Amino acid sequence: IYNTFILKDVLIPGFSSLVLDSNHSSLFASCTDDKIYMYSCTALGQEPVCTFAGHMNSTFYVKAALSPDDMYLLSGSSKNDAFIWRVSDPTAPPTLLKGHLGEVTSVAWCPSDQGKVCSCWTIKKMDKNIIYLKHNSKVRN
């Protein structure tokens with residue numbers, strides 16, 4: 001894992017979030033190159049198994065989370081939306097959760113009702129960070 005550095009106007013991406021599935025067989029690595037990479041923890045190799053794209057991750061504040069059943073991947077975004085992908089179909093367009101007024105940073109699934117998620121964003125006003133929490137219910141298709 002490496003950090004983001006700017007060297008002569010070249011941005012080197014880094015990881016903002018690491019999430020293991022419940023079996024510890026897959027690792028999801030959210031990267032500041034606007035992709036989430038899924039790696040196998042059981043197979044040898046350094047290449048990702050698949051990639052999830054469509055969101056924007058331009059800071060280390062954007063986090064990801066897996067649903068309790070490991071079927072859905074939720075991520076914040078610098079685009080002011082949250083994104084949900086079906087893990088079994090990473091190339092399908094993600095579901096967008098709209099209504100945020102700033103970069104969506106932290107996201108979480110409700111452990112007792114997998115159809116509910118929480119997301120939060122921060123807006124800087126008058127040198128103060130104001131954190132907002134949004135409860136999204138029944139997000140499944």
Checklist entry - Between D89 and H24, what is the label-to-label distance in nm when each label sits 7 Å out along the Cα-to-Cβ direction? => result 3.2
Checklist entry - If contacts are Cα pairs under 8 angstrom and at least 6 residues apart, what is the relative contact order of region 13-86 in percent? => result 24
Item to check | Ranked by how many other beta carbons lie within 10 Å on average, peptides 47-57, 91-101, 73-83 from highest | outcome: 73-83, 47-57, 91-101
Next on the checklist: I'd like the accessible area for D113, computed on protein heavy atoms only with a 1.4 Å probe and all protein chains in place. Round to 10 Å², please.
Outcome noted: 40
Checklist entry - Around N23, what is the net charge, scoring Lys/Arg as +1 and Asp/Glu as -1 over all other residues with Cβ under 12 Å from its Cβ? => result -3
Checklist outcome for this item: Under the Karplus relation with 6.51, -1.76 and 1.60 and θ = phi - 60°, whole-Hz ³J(HN,Hα) for region 41-47, x at Gly and Pro, equal 8, 10, 10, 6, x, 9, 7
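The values are calculated or read from the model by the stated rules, or taken from the named source; none is laboratory data. Note that the coordinates shown come from a computational prediction; the quantities given were computed from them, not determined experimentally. Reconstructed Cβ throughout: ideal geometry from the backbone, glycine too, with neighbour counts over all protein chains shown. Protein only, heavy atoms only, side chains kept; ligands, DNA and RNA dropped before computing areas. Shrake-Rupley method; radii C 1.70, N 1.55, O 1.52, S 1.80 Å.
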